[in-house]
Amino acid sequence: MRVLKWTALPVVLIAIWWFATAGSEEFYVPPLQTIIESAPDVWTLDRLRADVLPSLLRLLAGFTLALIIGIALGVLIGGRPRVRATVEPVLEFLRAIPPPVLVPVIMLFAGIGDGMKVLVIVSGCVWPILLNAVEGVRAVDGVLTETARSYGLTGPARLWRLTLPAAGPQIVAGARQALSVAIILMVISEMFAASSGIGFTIVEFQRSFAIPEMWTGIIVLGLLGVLLSGLFRLAETAILGWYHGLRRAQKG
Amino acid sequence: MLNVEGLRKTYTGDGRAVEAIRDLTFTVPDGDLTCLVGPSGCGKTTLLKCIAGLLTPSGGTVTLDGTPVTGPPPGMAVVFQEYGRSLFPWMRVAANVELPLRQKRLPRERRRELVHESLAAVGLADAHAAYPWQLSGGMQQRVAIARAIAYEPRVLLMDEPFAAVDAQTRADLEDLIRGLWQRLGVTVLFVTHDIDEAVYLGRRVLILSSSPTVILEDLPIDLPAERDQLHTRATPRFTELRTHVYQQIQAAKNTVHADR
Amino acid sequence: MRGRLALGLAGLAGFLLILEVIPRLGLVSSRYLPPATEIVGALGRELAETAFWTALRDTLNGWVLGLLIAAVAGIALGLLIGAVPLLRELTASTIEFLRPIPSVALIPLVVVLLGTGLESKLVLVVYAAFWQILVQVLYGVRDVDPVADETARAYGLDRSARIVHVLWPTALPFVMTGLRLAAAVALILCVTGELVIGAPGLGTRIAIAQTSGAVADMYALIVVTGLLGVAINVGARAVERRALRWHQSVRSEAAV
Ligand SMILES: Nc1ncnc2c1ncn2[C@@H]1O[C@H](COP(=O)(O)OP(=O)(O)O)[C@@H](O)[C@H]1O
Ligand SMILES: [Mg+2]
């Protein structure tokens with residue numbers, strides 16, 4: 001029954017798509033059948049290795065760097081009220097800049113290579129992580145802080161066993177926002193200036209009017225988004241299992 | 001020996017000053033169980049935090065075995081009133097108890113031993129693998145107590161630890177504390193606003209006035225060392241003592257009102 | 001409070017100073033990063049141009065329209081799906097699947113289907129903002145107190161009355177959160193659409209400034225988008241706070 005409810009609507013939607021476009025004469029909306037048939041030719045192993053893998057690696061590198069920088073700075077800033085008050089307006093401003101406009105700026109500095117794309121992703125992703133980390137570190141429960149102090153929990157132990165876990169839920173929330181920004185930036189930076197990558201490939205198909213291929217590209221990108229968010233959720237369950245349990249317990 | 005000498009604490013901030021403690025002097029000899037009783041808001045938590053080295057006093061000194069307390073001294077454990085918030089929710093019960101022991105760099109074997117013993121002592125031998133938030137309030141407070149005794153402190157500070165648990169659990173926990181104190185020989189400073197609890201638990205009760213706080217009386221409790229909830233509380237001496245404490249606190253309240 | 005404000009202003013001043021000094025000292029070529037004073041000068045020039053104001057209006061247009069459409073659709077669908085348990089179960093998988101699809105994936109599609117005008121931009125904005133709102137509304141609906149709902153049922157309120165009196169008030173704080181998140185995302189996608197597709201707006205102006213080597217102007221325009229973002233965030237938070245205060249009772253129970 002659950003499986004049925006879980007699959008019913010997607011099946012219906014795909015069926016509608018299939019039949020509504022079957023025999024479509026519309027150049028830009030080819031039949032779903034055509035799209036699916038063209039997929040194996042387009043997304044060969046070579047192409048996955050040449051275009052999808054580099055994109056993913058850049059995404060991973062940028063996101064990881066942003067996590068490290070964001071959390072490190074967040075811990076430094078969050079625990080110091082005066083520093084926080086000083087830098088917060090600047091951070092709020094930097095966070096509010098729509099990340100894609102940083103692409104042209106970073107192209108100035110870093111050209112159009114891999115470094116530029118990773119840098120673009122870092123520069124867009126770091127803000128939600130950083131600001132959430134600051135907020136999470138600031139809001140560590142006072143009783144926990146005093147417990148830690150009275151048992152002599154200091155230095156790295158304090159960081160690993162008190163500050164980071166306590167700020168964890170906030171940091172993860174920031175990281176989730178950052179991940180969707182990262183995907184946007186991965187695609188945009190490749191659309192702007194690249195000779196490989198999934199964003200580049202899709203735009204190439206569009207420009208050369210390879211429409212069914214373009215559709216497959218969009219579907220692959222969509223699947224990538226779904227896959228990444230699924231992986232993120234797995235990681236979140238592993239890291240924040242305690243938090244979800246706590247929330248459920250509090251709700252009663 | 002714990003020595004509190006002319007202790008004062010005035011909170012400043014937001015442009016106003018709150019005088020929480022005016023002038024407190026007392027000593028707690030090694031191995032004593034002293035109860036501090038006073039009305040809510042009289043500065044009991046403030047006093048405890050000054051002793052624990054978590055707050056800097058505005059004046060006076062706290063010394064532990066002759067060493068002035070300027071930060072959290074080693075060998076002192078604190079059990080807070082807010083049991084729900086003093087346990088690390090991301091650690092299981094055993095890890096919560098073990099954490100301070102890691103900090104003391106005890107070898108793994110010794111840590112395991114202490115965790116087992118202390119959790120068994122508070123009747124939670126089965127709860128090792130639970131998360132704190134999976135336990136009831138009384139059980140959470142027992143975990144906090146287990147963590148404190150596993151630390152093998154010389155001084156145990158407790159700040160209204162039972163204020164928020166139900167009456168039955170509270171009675172059990174009171175007996176638990178007396179039992180542990182007699183067995184382990186630690187110095188206990190127990191803060192409460194509950195007069196009955198102070199008289200039942202303490203070998204001695206310090207009665208605090210309402211804020212700004214001074215000590216009204218240092219009252220030895222001459223009840224027998226073996227106490228139990230049913231009989232001790234029914235003895236005439238118990239009734240006398242609690243009536244006395246009650247009157248002291250009432251009188252103090254009235255004079256404070258008269259002052260104003 | 002005053003102290004915080006002073007520190008914040010000092011921070012901003014320091015930030016500007018750093019931006020001024022780095023290129024002046026030659027740490028970074030001023031062809032890449034012009035000194036702050038030059039950026040401010042360029043900003044002044046921009047403000048004097050009608051084309052700038054047209055671009056700003058185009059961007060805001062796209063943002064407002066997109067957010068509006070997303071909000072209406074998200075709230076209506078959210079309440080509908082939320083109010084009917086069967087519908088909720090049937091749509092769960094589809095929502096889980098469609099939501100993480102990055103809306104930039106749609107860029108080539110909207111370009112070939114809709115061209116490079118406002119519609120293309122709107123599709124991106126609506127797609128991105130819609131999920132933020134829908135998901136929050138669904139959270140909110142799930143938060144409905146069963147006792148309140150049963151009470152309403154016991155007093156004979158029909159489904160539409162229950163939506164108005166039970167579902168909506170409970171969901172409102174969540175709706176506000178969804179709107180706040182959506183407002184920020186909408187701006188991002190708006191500017192992205194302009195930058196990449198070339199739909200008229202600030203993004204296009206940034207792209208033009210970049211290709212014509214007007215670096216200071218480019219920075220000035222980026223500053224404008226940032227200020228726009230700040231204004232949107234601050235405004236959305238203020239609106240949200242009002243809505244929450246309005247619904248104190250709901251929140252204090254939901255919180256802890
Ligand atoms: N951080 C603080 N800032 C200002 N005033 C405080 C602070 N903490 C406590 N107080 C005030 O000090 C007095 C004593 O508080 P507290 O020590 O918590 O009392 P108790 O624990 O006996 O209930 C109260 O009037 C309280 O309002
Ligand atoms: Mg207190």
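The values are calculated or read from the model by the stated rules, or taken from the named source; none is laboratory data. As the structure is a computational prediction, the values presented were derived from the model and not from experiment. Quick reminder, even Gly has a Cβ in these numbers, built from the backbone with ideal geometry, and neighbours come from all protein chains shown. Please note that ligands, DNA and RNA were not included when accessible areas were found on the heavy atoms of the full protein model with its side chains. Shrake-Rupley method; radii C 1.70, N 1.55, O 1.52, S 1.80 Å.
Key figures
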quantity: Residue within the range A:174-187 that is more than 20 Å from the chain's Cα centre (by Cα) and either at pLDDT 90 or above or at positive phi (or both) present; calculated: no
quantity: Test: residue in the range B:71-94 that is charged (D, E, K, R) and away from ligand 1 (no atom under 14 Å from the Cβ); calculated: yes
quantity: Test: residue in the range B:191-205 that is within 16 Å of ligand 2 (Cβ to nearest atom), open to solvent by 50 Å² or more (accessible area, probe 1.4 Å) and within 13 Å of the chain's Cα centre (by Cα); calculated: yes
quantity: Selected residue (only one of A:241, A:230, A:245 is within 9 Å of chain C (Cβ to nearest Cβ) and over 29 Å from residue A:30 (Cα atoms)); calculated: A:230
quantity: Helices (runs of 4 or more DSSP H) lying entirely in the range C:82-180 (those with 2 or more residues that are open to solvent by 40 Å² or more (accessible area, probe 1.4 Å) and not small (Gly, Ala, Ser)); calculated: C:85-98, C:107-114, C:118-142, C:146-154
quantity: Residue match in the range B:8-25 (condition: closer than 28 Å to residue B:242 by Cβ and away from ligand 1 (no atom under 16 Å from the Cβ)); calculated: yes
quantity: Identity of the residue in the range A:139-153, within 14 Å of residue B:71 (Cβ to Cβ) and either touching a residue at least 24 places away in the same chain (Cβ under 8 Å) or more than 8 Å from chain B (Cβ to nearest Cβ) (or both), that ends up farthest from the chain's Cα centre (by Cα); calculated: A:148
quantity: From B:41, B:53, residue being at positive phi and in contact (Cβ under 8 Å) with a residue 24 or more places away in the chain; calculated: B:41
quantity: Checklist (1) closer than 30 Å to residue B:19 by Cβ; (2) surrounded by 16 or more Cβ atoms within 10 Å (Cβ to Cβ) applied to residue B:246, failing item; calculated: (2)
quantity: Restricting the range B:74-128 to residues that are of a type in the set (Asp, Glu) and within 13 Å of chain A (Cβ to nearest Cβ), the residue that is nearest to residue A:249 (Cα to Cα); calculated: B:82
quantity: Matching residues in the range A:64-103 - criterion: being in contact (Cβ under 8 Å) with a residue 12 or more places away in the chain, under 23 Å from the mean Cα position of the chain (by Cα) and within 11 Å of chain C (Cβ to nearest Cβ); calculated: A:91, A:92, A:94, A:95, A:99, A:100, A:102, A:103
quantity: Lone unmet requirement of (1) touching a helix residue (DSSP H, G or I) at 6+ places or on another chain (Cβ under 9 Å); (2) modelled with pLDDT of 90 or more for residue A:2; calculated: (2)
quantity: Residue within the range B:238-250 that is in contact with a Gly (Cβ under 9 Å, 6 or more places away or on another chain), hydrophobic (A, V, I, L, M, F, W, C) and at pLDDT below 90 present; calculated: yes
quantity: Tally, over the range B:139-176, of residues that are assigned to a helix (DSSP H, G or I) and either open to solvent by 10 Å² or more (accessible area, probe 1.4 Å) or over 21 Å from residue B:192 (Cβ atoms) (or both); calculated: 13
quantity: Matching helices (runs of 4 or more DSSP H) fully within the range B:33-136 where at least 3 residues are within 16 Å of ligand 2 (Cβ to nearest atom); calculated: B:44-51, B:83-86
quantity: Evaluation of residue C:115 against (1) more than 8 Å from every other protein chain (Cβ to nearest Cβ); (2) on the phi < 0 side of the Ramachandran plot (one fails), failing number; calculated: (2)
